[in-house]
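Every number here is computed from the coordinates shown, using simple stated rules; none is lab data. Keep in mind it's a predicted model, so treat the numbers as computed, not measured. Neighbour counts run over all protein chains shown; Cβ positions are idealised from the backbone, glycine included.
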Amino acid sequence: MPAPSTRDDLLVIIPTRGRPDSVPQLLTAWKETGATADLLFAIDEDDPRRDDYLAHKDAKFTVGPRLRLVGTLNDVAVGQAPRYRFLAFMGDDHRPRPADRPWDARIRECLSGGPGIVYGNDLLQGEAIPTAVAMTSDIVTTLGYMAPPSMVHLCVDLVWKDWGIGMGRITYLPDMIIEHLHPANGKAELDPGYEECNSRTQVDHDTAAYYAYRDEGGLDTDLTRLRALLEDGRR
């Protein structure tokens, strides 16, 4: 469907805490890949390194209460969805890599045909799960969130894949590299952020929340809404 002239096309949201060095690295990745997507860092008002973030005057920030990854992502995505056709999530440890065609151009191309989800190769999980993801913003406005709010940090990538498969509208681009620099593949040092989100408590909570969402009606309810969105687009 055509984009209204008053809307921008693609926003990449990056919730981040305690890693201000990720800002210049991602800005460099934007330049090296020729990306034109808008980039927005979502930082916590109580982040001890807040001022270090805001010192990067060439970046765009939104500052709010600490809601953890899912809460922050949902807060920003719902607020920005009316302005953008497409919304994307990356962690502060993702880095788009140069290719023959800019990665964000390929996202726009894949999503221009209507509601759907697209993801690339993070060189860690590959096709298995979309650790970075892009979707049409009407998915967010239809559901009222970009990720189920019962989860805090983990397992939301499983949900995004469930949505795309359930809609029959998911695309994996193996040659679109959005590298995940993570301790699990030896590409990042373990820091307090990783320790918190991968703690046994967090793993247990988010795993249980995911299975409850998947198996106790949440996923079915959301897929009913998303399939109706698809049907509305075909009329």
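Worth pointing out:
- Residues Asp51, Asp157 arranged by fewest to most Cβ contacts within 10 Å: Asp51, Asp157
- DSSP assigns beta bridges within the chain; of those with both partners inside it, close to 30 percent run antiparallel.
- Residue order, fewest to most beta carbons within 10 Å, for Cys197, Cys110: Cys197, Cys110
- Above 33 Å, the calculated P(r) of the chain contains 12 percent of its Cα-Cα pairs.
- Region 165-195 and region 111-132 have their alpha-carbon centroids 10 Å apart.
- Loop trypsin sites (Lys or Arg not before Pro), region 39-96 (other Cβ atoms within 10 Å of the site Cβ: 15 or fewer; DSSP): Lys57, Lys60, Arg66, Arg83
- Karplus-based coupling profile of region 165-176, in residue order and whole Hz: 5, x, 7, x, 9, 9, 10, 10, 10, x, 9, 9, with θ = phi - 60° in 6.51 cos²θ - 1.76 cosθ + 1.60 and x standing for Gly or Pro.
- With a threshold of 27 Å on the Cα-Cα distance, the over-threshold entries among Lys60/Lys161; Lys57/Lys161; Lys31/Lys60 are Lys60/Lys161; Lys57/Lys161.
- Loop-located GluC sites (Glu not before Pro) in region 183-222 whose Cβ has at most 12 other Cβ within 10 Å (DSSP): Glu189, Glu216
- Other-chain or far-sequence residues with amide H under 5 Å of Val12's (modelled H): Asp38, Leu39, Leu40, Ala88
- 15 Å beta-carbon shell around Val159, net charge (K/R +1, D/E -1): -3
- Derived scalar couplings ³J(HN,Hα) [region 90-106; Karplus, 6.51 cos²θ - 1.76 cosθ + 1.60; whole Hz; x for Gly, Pro]: 9, x, 6, 10, 9, 9, x, 10, x, 8, 4, 10, x, 4, 6, 5, 5
- By the count of other C-beta atoms within 10 Å, a proxy for reagent exposure, Phe61, Phe41 are ordered fewest to most as Phe61, Phe41.
- Using θ = phi - 60° and Karplus 6.51 cos²θ - 1.76 cosθ + 1.60, couplings along region 66-75 (whole Hz; Gly, Pro as x): 6, 10, 6, 4, 5, x, 5, 4, 5, 4
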